[in-house]
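Chemist: Provided herewith is a single structure, encoded as structure tokens, for subsequent inquiry.
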Amino acid sequence: MRAAVCRGPEEALVIEDLDLRAPESREVRVRLQASGICHSDVHLIQGEWGDLDKPVVAGHEGVGIVDAVGELATRAVAGDRVIVSLIASCGTCRACARGWLHLCQGRPKYAPRLRRPNGDEVACGFDSATFAEATVVHESQVVPIGDAVPHDCAGLLACAVITGVGSVWNSARVKPGESVVVIGAGGVGLNAVQGAALVGAETVVAVDLVEGKLTAAREFGATHVVDGSGDGDTVEAVRDITDGADHVLVTVGSRAAILQGLDMLGPRGTLAAVGIPPRDEAELPLTMRSAFGGERRLMGVGMGSTNLMVDVPRLIHLYEQGRLKLDELVTQTYPLEGINDGIAAMMDGRALRNVLVY
């Protein structure tokens, strides 16, 4: 089986032939059709979230066909078309019992799944490893989806879509008539924009540095856009539109963006930190007044607070009704061999979402 292997944080990914073991217990094996390329994958392979102690295959926005299952797996059977997510859950811990599967405290443990022909282990990034022709994951990481959504955008349901839309629906719990500001109009941010539009937010403001992404934000439902790259005061521009926002969703991993977002809030406004900053921005310099004055709330968001088996079918129904944009998220597709080009195009701001198609 071929996979794109990261050998070190300063190196291009290399296509290697790896051995993938059979699924055990509650695991399933998926022959992948496609995988999105997410900024989180780049943070991982560049060592920004921790040192890489062994080679790794990243990727966590997969779609494919189940071709084998472990003896205890029940969620999917061979032949099912599924998405592959990084959200793995035990189903029995306190968080899972409350429906917070994305916050599972008893995350499944895995025996090594990928090895080189010489026996050396290769790590599975995010326990998903979808930058490969196949993967073995825990059954809780997959959702059967049928055939309604094309290969090139179906995998985005596993991260970009559930994180963006879910941050509005599940985390911030935006209500009709409220105002929403989304900082960052990439793959996750555009889904936050359309999530806000879907729930009936009266004002939806997208903030980005790239003109093309602001244009896309309007197509996804933004009522206003603000170019943060100009000479003007971005915070003032947003406050002029909203008179202080009810919700600010920061979808980029940036400390500066979080601090800006707090200044955009109105009374009792909520800032949802969706993007994850790198290790060198681990500390957030705040005063009590800037964080909590005016009864503001600052919350973290993990994967859109998503329950996969609830939210993914709901999103697919919206897509089938023509109310959820998925195809429009895909900027370009690449073969596995083109993964480094796809990553480069994403990093220089040219892409909403690039996708590997196998």
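The values are calculated or read from the model by the stated rules, or taken from the named source; none is laboratory data. Please read all numbers here as calculations on a predicted model, not as lab measurements. No Cβ is skipped: glycine too gets one built from the backbone with ideal geometry, and neighbour counts run over all protein chains shown.
Chemist: So which residues in the range 37-82 are part of a loop (DSSP other than H, G, I, E, B) and of a type in the set (D, E, K, R)?
Modeler: Residues satisfying the conditions are Glu48, Asp51, Asp53, Lys54, Glu61, Glu71, Arg75, Asp80.
Chemist: Just one of Val63, Val57, Val69 is buried (at least 20 other Cβ atoms within 10 Å of the Cβ), more than 30 Å from Gly275 (Cα to Cα) and modelled with pLDDT of 95 or more; which is it?
Modeler: Criteria check complete, one pass: Val69.
Chemist: Ok, one more. Output the residues belonging to the range 342-358 that are outside any loop (DSSP other than H, G, I, E, B) and touching a residue at least 12 places away in the same chain (Cβ under 8 Å).
Modeler: Those that are outside any loop (DSSP other than H, G, I, E, B) and touching a residue at least 12 places away in the same chain (Cβ under 8 Å): Gly342, Ile343, Ala345, Met346, Met347, Arg353, Asn354, Val355, Leu356, Val357.
Chemist: Closer than 30 Å to Leu265 by Cβ and over 18 Å from the mean Cα position of the chain (by Cα): does that describe Leu329?
Modeler: The answer is no for Leu329.
Chemist: Hey, another quick one. Considering every residue within the range 80-97, establish whether at least one is within 18 Å of Gly155 (Cβ to Cβ) and surrounded by fewer than 18 Cβ atoms within 10 Å (Cβ to Cβ).
Modeler: No, the range 80-97 contains no residue that is within 18 Å of Gly155 (Cβ to Cβ) and surrounded by fewer than 18 Cβ atoms within 10 Å (Cβ to Cβ).
Chemist: Would you please list the contacts, defined by Cβ atoms under 6 Å and residues six or more apart or on different chains, that run from a residue in the range 256-278 that is part of a strand (DSSP E or B) to a residue that is of a type in the set (Lys, Arg)?
Modeler: Partner pairs satisfying both residue conditions: Leu265/Arg296; Gly269/Arg296; Thr270/Arg297.
Chemist: Checking the conditions here, which among Leu249, Leu271 is buried (at least 17 other Cβ atoms within 10 Å of the Cβ), within 21 Å of Glu178 (Cβ to Cβ), aliphatic (A, V, I, L, M) and in contact with a Ser or Thr (Cβ under 6 Å, 6 or more places away or on another chain)?
Modeler: Leu249
Chemist: Can you pull out every residue in the range 295-341 that is touching a Leu at 6+ places or on another chain (Cβ under 7 Å), more than 19 Å from Val165 (Cβ to Cβ) and assigned to a helix (DSSP H, G or I)?
Modeler: Leu336, Ile339, Asn340
Chemist: How many of the residues in the range 274-290 are modelled with pLDDT of 85 or more and surrounded by 13 or more Cβ atoms within 10 Å (Cβ to Cβ)?
Modeler: Final tally of qualifying residues: 4.
Chemist: Just checking, how many residues over the range 1-36 are at pLDDT 95 or above and part of a loop (DSSP other than H, G, I, E, B)?
Modeler: 11
Chemist: Residue check, Arg296 against (1) closer than 28 Å to Glu61 by Cβ; (2) crowded, with 18+ Cβ neighbours inside 10 Å, all met but one. Which one?
Modeler: For Arg296, the exception is condition (1).
Chemist: Additional query: Please specify each residue of the range 83-116 satisfying the condition of being in a strand (DSSP E or B) and either acidic (Asp, Glu) or under 17 Å from the mean Cα position of the chain (by Cα) (or both).
Modeler: Ile83, Val84
Chemist: With respect to Gly212, determine if the residue is crowded, with 19+ Cβ neighbours inside 10 Å and either at pLDDT below 95 or assigned to a helix (DSSP H, G or I) (or both).
Modeler: no
Chemist: Return the residues of the range 61-82 that are of a type in the set (Val, Ile, Thr) and within 25 Å of the chain's Cα centre (by Cα); say none if nothing qualifies.
Modeler: Listed by number, the residues that qualify are Val63, Ile65, Val66, Val82.
Chemist: Which is buried (at least 24 other Cβ atoms within 10 Å of the Cβ) and at pLDDT 95 or above, of Ala206, Ala134?
Modeler: Of the residues listed, the single one that is buried (at least 24 other Cβ atoms within 10 Å of the Cβ) and at pLDDT 95 or above is Ala206.
Chemist: Can Gly177 be described as buried (at least 18 other Cβ atoms within 10 Å of the Cβ), not basic (Lys, Arg) and not assigned by TED's automatic domain parsing to the domain that holds Ile343?
Modeler: Taking the combined requirement at face value, the residue does not satisfy it.
Chemist: Select from the range 157-214 the residues that are of a type in the set (Ser, Thr, Tyr) and either in contact (Cβ under 8 Å) with a residue 60 or more places away in the chain or closer than 17 Å to Val355 by Cα (or both) and list them in ascending order.
Modeler: Thr163, Ser167, Ser171, Ser179
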